[in-house]
Amino acid sequence: MERIGPRITTDEIELYLRTIYSLLRSTTEVQIRTLEEVHAGMNSSMHMDARKPSPDTSAFIYASLRLPDCIPAVKSIVLGQSYPVFAHHGYADIESWQPVSARARRRLCYYDGKETLACSIASRSDIDDIIPVLTAYQIEWNKLNLLLQSCPSEWIDQAAAGEMEALLQLAAGLEMSEEDLQRLKTIWGSQFSTMLHQMAAQRCEMGIRLLSGSLSEYWRATRIWWENVEAHSQDLRDRPVYFVSSNTHSIINPVSGFALSHRAEIIDLLTQKGDPGLVEEWREIQECKTQSNLENFLYYALKKVQQLPEGRYLVKEQADVEKAQGIRRIAAAHSFDVETQIIDLHRLDLSRTDPRLLQNLGDLASTIERTNAVIVNIDYPLGFSAYHILSKLSEHIAEIMGVYIMGKAATLNGVRGDVMIPNVVQDEHSENTYLFKNAFNAADVQPYLVYGTVLDNQKALTALGTFLQNARLTEVVYRDGYTDIEMEAGPYLSAIYEMFRPTRHPHNEIANLYGLPFDVGILHYASDTPLSKGKNLGAGALSYEGMDSTYAASIAILRRILNREQKRLR
C-alpha cells in the first residue's frame, strides 16, 4: 500500500529496531555492547556525537537522569510486564528488593542490592525507550573511563572540593567544556568524586533480558493496573467521567487550592532554605518587576519546598486536604508505574480553588452542587501504553464525557515553554494520519500563559522514542509541515477510534475522527528544540518558565471540563 503520510522512519532507525527485537527473542541475556555500533549508526538527534571519542555530555546526562542512581553497579537488567511474569521466570521476590526510580522517567524498578535491576514495562514503547538509553549510557561511560586513565585522581578530589584550576584541568582531560563538567557536578552533587573514581576504575558492561514480549502480557499488566484502580473506586462504572492524561500535580493543585491556602508557609520555607533563583523570582513578583503568575509560582514552589526536610510535613497536610475534598490518589501496584487520581467534582470547595477556574463560568456553585461527574487523571504514560490504558478504561466506564491529553513535546518551530495545539496527528505506531477537532484553540490557553506562545492548528508526529529520531527524519517531517513531535497522541487517538467505531483502528490510512460523541482535546508544552543543535533535555531541565506552560494548559483543561459539565446539567 502506498504511504498516506510522510516516511517517518529512516533506514538506520529501522535497522536499529530490527536488531533490538531480533536480539531480544533470545532466551538468554543480550549484551548491550552488541547494539553499540548500530546505535551509533542511527545518528540519533539525541546522541549526535556517539561515534566521537570525546564525550557527548548532553546524551550522557539525558540517559543518566532516566536511569536509577544504582545503575553504575548494575550488570544485568530484566524486563517484564508484571509481578506474575517475573515470578514465572524465577524472580519471585522482586517486590522485596529495593524499589528504585529515575529522576526523569517513571518506571517501576527493583534493585537486588548487587548487580541485577528488574524493570516493569507497560508496552513496546518502554523497550524502544530503555534500550537506547542504556546503550547511550554505556557508550558515554566507557568514553569517560578511557579518558580518566590519563587524569590524575587528585584532580577529581580537588575539583569536587571547588578548586577551579583543578576543575579546568579535569574538564580539559575529559575533553569537555567547563560548563558540561559543572552540569555533571550539579547533577551528582556530593557523589561527584565517587562517580568519577568509579568511572576511572571500571568499564560499563551491561546485559539485558526480556522475559516476555507477548501482547497478551501487556494486556494482562494493564488489567492488573485497572483492577487496582477499580478496587479503590468502585463507583466509576456508573458515573460520567472526564479522562485526563497529564501528571500528578498539574490538575490537583488548581482544584484543591492547597498551595494557595498555604502561601505563607511555602514562601517562608522558600526564602529560608530554597533555591536563590526562585527567591529572587518571588521578590520580583512582589515588586511587580515580572509578569509571573502568582498561582503558578506557588504550585512550583510547593513542589520544591516539599523536597526539603523542613517542608516534608506539607506532603501529609496536602494529602489530608485532598482527601477531605474527595480527591483520591491511587498508587500503582504489581504492574507499571502510572498513578491515578479520582476527583469528585461534587465535593470541590470553590472557595479554595484557583480563581482562574471561576472566571466567566457563571453559577458554578450550582453545577458543583448537582453534578455526579468525576475527573480521572492519570500520570501520563509512555508511548503505546497510552493505547492500552485508555482502551481498558473505556471497556469499564459507561459514560466518558471527554478525553484530554497534556504532555511534553519537541517543537520544530517554537521555543521551550510554548504550547502547541494539533488538529492533525501522524502516528508512527499505526502509520495512520488522524484528523480531529481539537477542543482547544489558542484563546483557551493564552490568557493563562506568561512566558510562552500558543501555536494552534499544528500538525503533530507521534514518534516511537526520544532516541529514535535523527536529523534526516526531522527534516522530512518539518518539510511536510509537522512541527510538534511527541509520543502519546497517536496511541490515544487509536484507542479513541475504537471507542466509537465498530472495528479496530486501521493501518496506514487517513482516519477521520470528526463527529465523536465526546470531547477530545490535546495540548503539548514544548520541552525540547531538536533543531537547536545538541540541545535536548540533557542540556537542561524545564525551569519555572517551563512549568508556566504546564499550568496554563491545566487551567484550560479544567475550565473546559467545568464548562461542559454546566452545559450537560442544563
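When each of SER554, SER494 is tested for being at pLDDT 95 or above, within 16 Å of the chain's Cα centre (by Cα) and not hydrophobic (A, V, I, L, M, F, W, C), the lone residue that passes is SER554.
Restricting ARG203, ARG263 to those that are in contact with a helix residue (DSSP H, G or I) (Cβ under 7 Å, 6 or more places away or on another chain), in the same structural domain as LYS303 (by TED's automatic domain parsing) and surrounded by fewer than 17 Cβ atoms within 10 Å (Cβ to Cβ) reduces the list to ARG263. The residue that is nearest to ALA489 (Cα to Cα), counting only those in the range 127-170 that are in contact with a helix residue (DSSP H, G or I) (Cβ under 7 Å, 6 or more places away or on another chain) and of a type in the set (Asp, Glu), is GLU140.
Somewhere in the range 256-273, is a residue farther than 24 Å from PRO99 by Cβ, in contact with a His (Cβ under 9 Å, 6 or more places away or on another chain), at pLDDT 90 or above and part of a helix (DSSP H, G or I)? No, the range 256-273 has no match at all.
Quick one: count up the residues across the range 478-500 that are in contact with a strand residue (DSSP E or B) (Cβ under 9 Å, 6 or more places away or on another chain) and either more than 26 Å from LEU412 (Cβ to Cβ) or assigned to a helix (DSSP H, G or I) (or both).
Residues in the range 478-500 being in contact with a strand residue (DSSP E or B) (Cβ under 9 Å, 6 or more places away or on another chain) and either more than 26 Å from LEU412 (Cβ to Cβ) or assigned to a helix (DSSP H, G or I) (or both): 10 in total.
Considering LEU455, LEU516, the condition of being assigned to a strand (DSSP E or B), farther than 26 Å from ILE130 by Cβ, among the aliphatic types (A, V, I, L, M) and at pLDDT 90 or above is satisfied by LEU455 alone. Looking across SER96, SER120, SER153, SER101, one residue alone is buried (at least 22 other Cβ atoms within 10 Å of the Cβ), among the polar types (S, T, N, Q) and either at pLDDT below 95 or over 25 Å from the mean Cα position of the chain (by Cα) (or both). It is SER120. Within the set TYR387, TYR434, TYR404, the sole residue that is within 20 Å of LEU562 (Cα to Cα), crowded, with 24+ Cβ neighbours inside 10 Å and in contact (Cβ under 8 Å) with a residue 60 or more places away in the chain turns out to be TYR404.
Return a yes/no flag: does the range 25-45 have any residue that is within 17 Å of ALA102 (Cβ to Cβ) and under 21 Å from the mean Cα position of the chain (by Cα). Scanning the range 25-45, I find no residue that is within 17 Å of ALA102 (Cβ to Cβ) and under 21 Å from the mean Cα position of the chain (by Cα), so the answer is no. Under the condition of being of a type in the set (Lys, Arg) and either in contact with a helix residue (DSSP H, G or I) (Cβ under 6 Å, 6 or more places away or on another chain) or assigned to a helix (DSSP H, G or I) (or both), which residue from the range 280-326 is modelled with the lowest pLDDT? Step by step, filter the range 280-326, then rank; the result is ARG283. Residues in the range 393-443 that are at pLDDT below 95 and basic (Lys, Arg): LYS408, ARG416. SER250 passes every criterion in (1) at pLDDT 90 or above; (2) under 30 Å from ASP548 (Cβ atoms); (3) not in a loop (DSSP other than H, G, I, E, B) apart from (3). Whether a residue is in a loop (DSSP other than H, G, I, E, B) and out of contact with any helix residue (DSSP H, G or I) (no Cβ under 8 Å at 6 or more places or on another chain) was assessed, and ASN372 does not pass this test.
Here is a yes/no grid of residues against (1) out of contact with any Leu (no Cβ under 7 Å at 6 or more places or on another chain); (2) under 28 Å from TYR83 (Cα atoms):
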position: LYS316; (1), (2): yes, no
position: ALA324; (1), (2): yes, no
position: ALA332; (1), (2): no, yes
position: VAL338; (1), (2): yes, yes
position: GLN341; (1), (2): yes, yes
position: ARG347; (1), (2): yes, no
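Determine which member of the set ALA460, ALA471, ALA398 is among the small types (Gly, Ala, Ser), assigned by TED's automatic domain parsing to the domain that holds ARG220 and either closer than 22 Å to ALA553 by Cβ or touching a strand residue (DSSP E or B) at 6+ places or on another chain (Cβ under 6 Å) (or both). ALA460 is the lone residue from the list that is among the small types (Gly, Ala, Ser), assigned by TED's automatic domain parsing to the domain that holds ARG220 and either closer than 22 Å to ALA553 by Cβ or touching a strand residue (DSSP E or B) at 6+ places or on another chain (Cβ under 6 Å) (or both). Scanning the range 41-92 for residues that are at pLDDT below 90, closer than 21 Å to LYS114 by Cα and either among the charged types (D, E, K, R) or part of a loop (DSSP other than H, G, I, E, B) (or both) returns a single hit, ALA92. Modelled with pLDDT under 90, not in a loop (DSSP other than H, G, I, E, B) and not basic (Lys, Arg): does that describe GLU230? It is false that GLU230 is modelled with pLDDT under 90, not in a loop (DSSP other than H, G, I, E, B) and not basic (Lys, Arg).
Exactly one residue among THR483, THR462, THR453 is farther than 27 Å from ASP126 by Cβ and of a type in the set (Ser, Thr, Tyr), and that residue is THR453.
Being assigned to a strand (DSSP E or B), basic (Lys, Arg) and farther than 20 Å from ARG501 by Cβ, is that true of even one residue in the range 397-410? Within the range 397-410 (the criterion being assigned to a strand (DSSP E or B), basic (Lys, Arg) and farther than 20 Å from ARG501 by Cβ), the answer is yes, since at least one residue qualifies. Please go through the range 117-156 and give me each residue that is touching a residue at least 12 places away in the same chain (Cβ under 8 Å), not in a helix (DSSP H, G or I) and not small (Gly, Ala, Ser), ordered by number. If the condition is that a residue be touching a residue at least 12 places away in the same chain (Cβ under 8 Å), not in a helix (DSSP H, G or I) and not small (Gly, Ala, Ser), then LEU117, CYS119, ILE121, GLN149, CYS151 are the ones that fit.
In the range 209-230, is there at least one residue being more than 26 Å from the chain's Cα centre (by Cα) and either surrounded by 14 or more Cβ atoms within 10 Å (Cβ to Cβ) or within 19 Å of LYS143 (Cα to Cα) (or both)? No: the range 209-230 contains no residue that is more than 26 Å from the chain's Cα centre (by Cα) and either surrounded by 14 or more Cβ atoms within 10 Å (Cβ to Cβ) or within 19 Å of LYS143 (Cα to Cα) (or both).
The values are calculated or read from the model by the stated rules, or taken from the named source; none is laboratory data. All values reported here derive from a predicted model rather than from experimental measurement. Cβ atoms come from the backbone with ideal geometry, glycine included; neighbour counts cover every protein chain shown.
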